[in-house]
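Notes for the one structure printed next.
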Amino acid sequence: MVKPTKHLRSTSDTGAEHVIDVLSTNTETGAIVGPHAQDGGARPRLARHQVMLADGHEVGVAVCGRGVPIVLIHGFTAEGMLYAQTLNRIVAAGFKVVAIDVASHGSTQGLPTGGANFEEYAKLLGRVVDELGIKKAVFAGHSMGGRLITELAAREPERALAVILLDAIVGEPWDRLVAVSRFNPLLLAGVGAVLLADSVSTVPFLRDPKQAFKFGRLLAPTLVAHVRNPLHLAGPGVSILRSRSSRWMLEKLGRSGVPVVAIHGDRDIVVPLATARSAAKLSGGMVVVVEGGTHSWLLKDPETLPAILRQLFEHPASIESRNRDFAEVGLAPDATIDEIEAAFYDDDAPILRLTPPIDPAAVAAARGVPPEPRYRWHIDRPR
């Protein structure tokens, strides 16, 4: 067993004390920036930690930035650090990004029960968020991660500022596919094969060799882990096969007033666009269609998702919603970073002490004018 390097304690508003043991920290692995980032020491670096929860469960967490928390949950076979290039751009927009490895992925242990259902995975994520000291957050999830954040937010809508679904396996078309696959598992195996091919295509070997090298550094640890222990993904795989209807979750989010945005590639043949339209319709949300995007478009171009989020967050309706969220926790619309963090995190929250120091103003200045995203997009209101 790895000996903890430090103990972090915090107390929530309810008086509950949380203790997290930090097993390891690596800022070098997270020092991945895109091809357009500038030097000068101001660029954000994700710190990658392995922490131990109060119940002994070991969890991988990557974090950077200051401000309102955006919690990102990755897709099946991936891990949080694969999204590092996209995440550091979101940091530059004025957020704290927290990427959590799902059970049996990255640096997170599998579930003791073997991961029989998604509810257990979502409950583990909820414990991680609690013990990190995050009160409220924007939850974003790619593919399988979208299903997990939907379940987490539906069970505890008071902790969700918004839910962002990224080519997520949430919606009635996907539910029907899974139901059929229980009788013919080869169908889901075929989907998995397409997903693998799409994932490999994320590395732009010929189009951008420099970017291919950078993304390859992120991808290598994930591939090595799968080769060493291919059976560790059996639990999550079985959970996908055994998943039930997501309809109640989406309708619950709609009734609870949690904003839902489904961002989806129109060339995703793994999880068709109709799935996102179904999710948005059931939750009263909106669909953002990424033109030409396949299932892993956000890994292929780290500029597109931050650009979409900037447009969404700057929309008058989003500003109005943010101001309401701020008012609920006693914040003025022009609240400072320190005031925001005091409102959205517990006192002495471990996640604040796990975050590498940055100067938000310097980071924003170093980014300059964002490069042109590879993809175009449009808003598609569900009918």
Revision key, fill the gap. Given the conditions (1) under 17 Å from VAL51 (Cβ atoms); (2) surrounded by fewer than 24 Cβ atoms within 10 Å (Cβ to Cβ); (3) within 14 Å of the chain's Cα centre (by Cα), every one holds for MET81 apart from (2)
Exercise for review: Find the residue count for the range 266-302, including only residues that are touching a residue at least 40 places away in the same chain (Cβ under 8 Å), among the acidic types (Asp, Glu) and out of contact with any His (no Cβ under 8 Å at 6 or more places or on another chain).
Suggested key: 1
Revision key, fill the gap. How many residues of the range 108-149 are acidic (Asp, Glu) and either surrounded by 24 or more Cβ atoms within 10 Å (Cβ to Cβ) or within 28 Å of ASP348 (Cβ to Cβ) (or both)? The answer is 2
Review point. Quick check, is VAL369 at pLDDT below 90, surrounded by fewer than 22 Cβ atoms within 10 Å (Cβ to Cβ), in a loop (DSSP other than H, G, I, E, B) and not basic (Lys, Arg)?
Key: yes
Check your understanding: Within the range 302-341, which residues are assigned to a loop (DSSP other than H, G, I, E, B) and out of contact with any Pro (no Cβ under 6 Å at 6 or more places or on another chain)?
Key -> PRO302, GLU314, HIS315, VAL329, GLY330, LEU331, ALA332, PRO333, ASP334, ALA335, THR336
Check your understanding: Which residue out of ARG9, ARG66 is closer than 19 Å to ARG353 by Cα, of a type in the set (D, E, K, R), modelled with pLDDT of 90 or more and in contact with a helix residue (DSSP H, G or I) (Cβ under 9 Å, 6 or more places away or on another chain)?
Key -> ARG66
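When the range 311-350 is examined, which residues are found to be among the charged types (D, E, K, R) and either touching a Cys at 6+ places or on another chain (Cβ under 9 Å) or crowded, with 16+ Cβ neighbours inside 10 Å (or both)?
Across the range 311-350, the qualifying residues are ARG322, ASP325, GLU341, ASP346.
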**Study point:** Residues satisfying the stated conditions in the range 264-294, i.e. assigned to a loop (DSSP other than H, G, I, E, B), closer than 21 Å to ILE70 by Cβ and touching an Asp or Glu at 6+ places or on another chain (Cβ under 7 Å)
**Key:** GLY293
Review point. Taking helices (runs of 4 or more DSSP H) that fall entirely within the range 120-221, which contain at least 1 residues that are within 19 Å of TRP248 (Cβ to Cβ) and modelled with pLDDT of 70 or more?
Key: 144-155, 172-181
Revision key, fill the gap. Sole miss for ALA317 among (1) over 16 Å from ILE70 (Cα atoms); (2) modelled with pLDDT of 90 or more is condition (2)
Check your understanding: Within the set of pairs 6 or more residues apart or between chains, which connect a residue that is closer than 25 Å to GLY133 by Cα inside the range 36-55 to a residue that is assigned to a loop (DSSP other than H, G, I, E, B) and modelled with pLDDT of 90 or more with Cβ atoms less than 6 Å apart?
Key -> ARG45/PRO356; ALA47/PRO356
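Quick one: is SER296 crowded, with 22+ Cβ neighbours inside 10 Å, on the phi < 0 side of the Ramachandran plot and at pLDDT below 90?
yes
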Revision key, fill the gap. Picking from ILE351, ILE358, the residue that is in contact with a Gly (Cβ under 8 Å, 6 or more places away or on another chain), of a type in the set (A, V, I, L, M, F, W, C) and modelled with pLDDT of 90 or more would be ILE351
Exercise for review: Can you work out which of the residues in the range 264-293 that are modelled with pLDDT of 95 or more and acidic (Asp, Glu) is surrounded by the fewest Cβ atoms within 10 Å (Cβ to Cβ)?
Suggested key: GLU291
Practice item. Please go through the range 93-103 and pick out each residue that is more than 16 Å from ARG147 (Cα to Cα) and crowded, with 24+ Cβ neighbours inside 10 Å. Key: LYS96, VAL97, VAL98
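The values are calculated or read from the model by the stated rules, or taken from the named source; none is laboratory data. Just so you know, these numbers come straight off a predicted model, no measurement behind them. Quick reminder, even Gly has a Cβ in these numbers, built from the backbone with ideal geometry, and neighbours come from all protein chains shown.
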